[in-house]
Amino acid sequence: MVNLDHLTFTYDGNREVLSDISFHLKAGETVGLIGANGAGKSTLLKILTGLLTDYKGQVKLDGMDVNKKNLAAVREKTGYVFQDSESQLFLSTVYEDVAFGPRNYGYSEEEVQKKVMSALQQVHIEELKDRPIYRMSGGQKKLAAIATILSMEPEVILFDEPSVGLDPKNRRNLINIINRIGGLKIIASHDLDMIFDTCDKTILIEKGKLIFYGETAKILTDQRLLEESGLELPLSMQIRDGNRKINT
Amino acid sequence: MSKLQQAIDNLHEADREAAKRSGKSRIHPVSRLCVCMAYIGIVVSFHKYDVTGLLGMSLFIIITGILEDLSFIRGFQRIKYILVFVVLLGAVNPFLDKGIVMQTGSIAVTGGMLSMITLLIKGILTVYCAYHMFMCTGIEQLCRALRCLKVPKGGVTVVLLIYRYIIVLLKEIQRMSLAYRLRAPGQKGIHIKAWGSFAGLLLLRSMERAQNVYDSMLLRGYDGEFRYEILGQEKTGKGLSIAYTAGWIGIFILLRCFPVVQMVGDMIISPGR
Ligand SMILES: Nc1ncnc2c1ncn2[C@@H]1O[C@H](COP(=O)(O)OP(=O)(O)OP(=O)(O)O)[C@@H](O)[C@H]1O
Ligand SMILES: [Mg+2]
């Protein structure tokens with residue numbers, strides 16, 4: 001579904017923000033993307049949605065090159081949940097904003113309504129339908145932002161820090177949502193516990209280089225590798241290790 | 001609440017009100033836009049001493065306000081800053097045109113005074129008209145109307161983005177000034193030395209956020225077209241929209257070409273003749 005071959009990217013032509021990254025992701029997988037601040041996670045996601053196209057190497061989505069020419073098709077297949085949900089939402093009410101995508105794809109107003117309601121139900125915010133967005137909390141905005149993507153029913157959904165700002169209940173809710181929705185999901189996050197609960201595979205990048213790509217359980221238990229990349233063991237692992245130490 | 005917060009809330013509130021009203025409107029936004037432009041054109045074309053004629057044109061504003069349930073007072077609060085400009089512009093007139101055109105008792109009315117009054121009325125009427133039109137269509141439908149009138153995609157997108165940018169900019173100012181105030185307690189306003197970097201940073205940050213908004217639009221299929229149609233407007237609203245446009249433009253022309261207000265007034269004052 002998503003194929004990267006020797007992807008290299010720089011913003012200014014000098015410093016490589018991503019260098020020589022290759023991996024292949026299959027439809028239906030949920031893949032974690034982890035790495036310290038500035039590692040290049042957001043940049044990678046932006047390349048996958050076609051927001052940044054001046055890269056070297058090859059990026060393919062469903063067999064199609066991600067470049068300026070295929071932009072419309074690429075965007076129809078992908079959904080991107082921004083790190084900052086405030087700027088993702090720009091219309092007056094939740095309903096209007098969630099309807100924006102389907103309307104742009106030319107659905108009739110009855111179909112739009114169906115899609116919007118189904119998206120809102122998936123994230124359990126039907127009751128916020130007519131709420132003005134500027135009067136919602138950060139967590140509510142996040143859920144609304146996710147609904148704007150779900151209403152377009154994309155084949156690939158990219159999440160940039162989806163759990164930031166959510167309370168424990170909504171975070172758990174989000175994990176359930178991610179586990180329930182179909183398609184290929186790529187989740188960039190520092191919330192390694194969430195990654196552990198949602199992702200089969202995980203990609204670790206450090207300073208733009210691919211360090212690890214494989215089973216989530218394998219990387220998230222590898223304390224040495226995580227610490228070398230500026231990360232820590234997920235809390236749940238630490239507790240488990242702690243218990244083990246206490247028990248022995 | 002701070003002035004800034006108030007401005008942001010006002011904008012959001014107006015935006016939401018407009019979107020809500022436009023979602024129920026059966027009159028096509030193109031009709032509204034055309035009527036509004038015709039209105040502005042005709043109001044501006046009135047002779048600079050024709051106060052009574054202009055007063056007749058206020059009919060449209062009043063009727064739209066009543067039919068669309070628009071509050072004149074809230075409207076005034078929202079457009080008062082624009083009206084200040086109009087007043088300033090008009091206030092120059094009495095000094096320019098001192099010729100006496102009318103004598104009421106001992107008071108001589110100069111051309112400048114009359115033209116100041118007509119300019120004020122023209123300003124108020126056109127600003128109210130544009131405001132009412134906006135409140136009945138909302139930015140989305142307004143852009144759709146512009147596209148229907150074959151305004152190029154680029155132009156329409158710029159209009160849309162400027163509109164969105166204003167809110168982003170205000171919010172960024174608010175966020176940054178809050179951050180500044182929290183670290184400079186007891187200081188009133190922002191120190192003049194910090195203005196330069198504040199403005200520069202503001203520009204960068206607000207541009208970045210505006211870029212995010214635009215990206216978010218692109219990623220959700222925005223391509224400069226507005227396919228979004230209001231339920232029922234196309235089917236049942238067509239005749240209504242045409243009637244609305246033709247009717248109002250007809251009335252405007254009538255009011256412009258004949259002294260209707262004068263005639264009605266004469267009829268009321270001397271019904272016997
Ligand atoms: N628009 C830009 N122009 C120039 N450099 C940029 C730009 N955006 C990001 N960078 C740089 O690219 C590198 C990778 O940034 P990126 O936002 O992808 O990191 P990230 O892994 O998402 O970090 P975080 O966890 O903090 O979100 C950083 O060193 C950053 O400074
Ligand atoms: Mg990031």
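Counting lysine pairs in chain B that sit 8 or more residues apart in sequence, or on different chains, and whose Cα atoms lie under 21 Å apart gives 13.
Beta bridges from DSSP with both residues in the protein assembly as shown: antiparallel share about 60 percent, rounded to the nearest 5. In this simple spin-label model, placing a label point 7 Å from the Cα along the Cα-to-Cβ direction at both A:Lys129 and B:Ile73 gives a separation of 3.3 nm.
Relative to one another, the C-alpha centroids of the stretch B:73-114 and the stretch A:173-247 are positioned 71 Å apart.
Using 0.36 nm per residue, how much length does the chain from B:Leu161 to B:Ile62 gain when fully extended, once their Cα-Cα distance is taken away?
Details: separation 99, 0.36 × 99 = 35.64 nm, distance 3.12 nm.
Extending this stretch completely gives an extra 32.5 nm.
Does the protein assembly as shown classify as rounded, prolate or oblate by the C-alpha gyration tensor (a ≥ b ≥ c root eigenvalues; a/c under 1.5 gives rounded; else a/b over b/c gives prolate, otherwise oblate)? Verdict is prolate for the protein assembly as shown.
In the protein assembly as shown, the portion of solvent-accessible area held by carbon and sulfur atoms comes to 61 percent [1.4 Å probe, whole percent, DNA, RNA and ligands not counted].
Each helix, a run of at least 4 DSSP H residues, gives -39500 (n - 2.57); summed and divided by the residues of chain B, these come to -26500 deg cm²/dmol at 222 nm.
The Cβ shell under 13 Å around B:Thr64 holds other residues with a net charge of 0, Lys and Arg each +1, Asp and Glu each -1. Projecting the Cα positions of B:Gln262, B:Ile27, B:Gly112 onto the charge dipole of chain B (unit charges on Cβ atoms of Lys, Arg, Asp and Glu, taken about the Cα centre) puts B:Ile27 furthest along the positive direction.
Shape verdict for the stretch B:3-269, please, from the Cα gyration tensor: rounded (a/c under 1.5), prolate (a/b greater than b/c) or oblate. Oblate shape, in that a/c is at least 1.5 and b/c is the bigger or equal ratio. Simple spin-label estimate for A:Leu225 and A:Ile239 gives 2.4 nm between the two label positions (7 Å along the Cα-to-Cβ direction from each Cα).
Loop-located trypsin sites (Lys or Arg not before Pro) in the stretch B:78-156 (DSSP state not H, G, I, E or B) with no more than 13 neighbouring Cβ atoms inside 10 Å: B:Lys98, B:Lys150.
Interface burial in the stretch B:1-48 reaches 40 Å² or more for B:His12, B:Arg16, comparing the full protein assembly with the chain by itself; accessible area from heavy atoms with a 1.4 Å probe.
In this rough spin-label picture, where each label sits 7 Å from Cα along the Cβ direction, the A:Lys169-B:Lys153 distance is 4.5 nm. Dipole magnitude for the stretch B:132-273: about 480 debye, using +1 per Lys or Arg Cβ and -1 per Asp or Glu Cβ, origin at the Cα centre. Dipole of the protein assembly as shown computed with +1 at Lys/Arg Cβ and -1 at Asp/Glu Cβ about the Cα centre; of B:Ala194, B:Ile162, B:Cys129, farthest Cα towards the positive end is B:Cys129. Think of the stretch B:3-269 as having a plus end and a minus end, set by charges on the Cβ of Lys, Arg, Asp and Glu; of B:Tyr49, B:Ile251, B:Ser241, B:Ser241 sits farthest toward the positive end of this dipole.
For chain B, complete DSSP H runs whose alpha carbons reach 15 Å or more along their own long axis and whose mean Kyte-Doolittle score is 0.5 or higher are B:29-45, B:51-67, B:72-91, B:111-148, B:153-183, B:233-257.
Would you give the gap between the C-alpha center of the stretch A:77-115 and the C-alpha center of the stretch A:24-46, rounded to a whole Å? Going from one Cα centre to the other spans 23 Å. Loop-located GluC sites (Glu not before Pro) in the stretch B:6-110 (DSSP state other than H, G, I, E, B) with a sparse environment of at most 16 neighbouring Cβ atoms within 10 Å: B:Glu68.
For the stretch B:3-269, give the magnitude of the charge dipole about the Cα centre (Cβ charges: +1 Lys/Arg, -1 Asp/Glu; no others), in debye to the nearest 20. Please list the in-between numbers first.
Values: 31 positive and 17 negative charges, 162 e Å.
Approximately 780 debye in magnitude.
Once the piece of chain linking B:Lys238 and B:Ser106 is laid out straight, how much longer is it, given 0.36 nm per residue of separation minus the C-alpha distance between them?
Details: separation 132, 0.36 × 132 = 47.52 nm, distance 5.60 nm.
This chain segment gains 41.9 nm when fully extended.
Under the rule a/c < 1.5 gives rounded, and otherwise a/b versus b/c splits prolate from oblate, where does chain A land using the Cα gyration tensor?
Judged from the Cα gyration tensor, chain A comes out oblate (a/c at least 1.5, b/c at or above a/b).
GNM on chain B, alpha-carbon springs under 10 angstrom: the most fluctuating residue among B:Gly200, B:Gly250, B:Gly56 is B:Gly200.
The values are calculated or read from the model by the stated rules, or taken from the named source; none is laboratory data. Worth saying up front: this structure is predicted, and the values here are computed from it rather than measured. Please note: Cβ atoms are built from the backbone with ideal geometry, for glycine as well, and neighbour counts cover all protein chains shown. Protein only, heavy atoms only, side chains kept; ligands, DNA and RNA dropped before computing areas. Shrake-Rupley method; radii C 1.70, N 1.55, O 1.52, S 1.80 Å.
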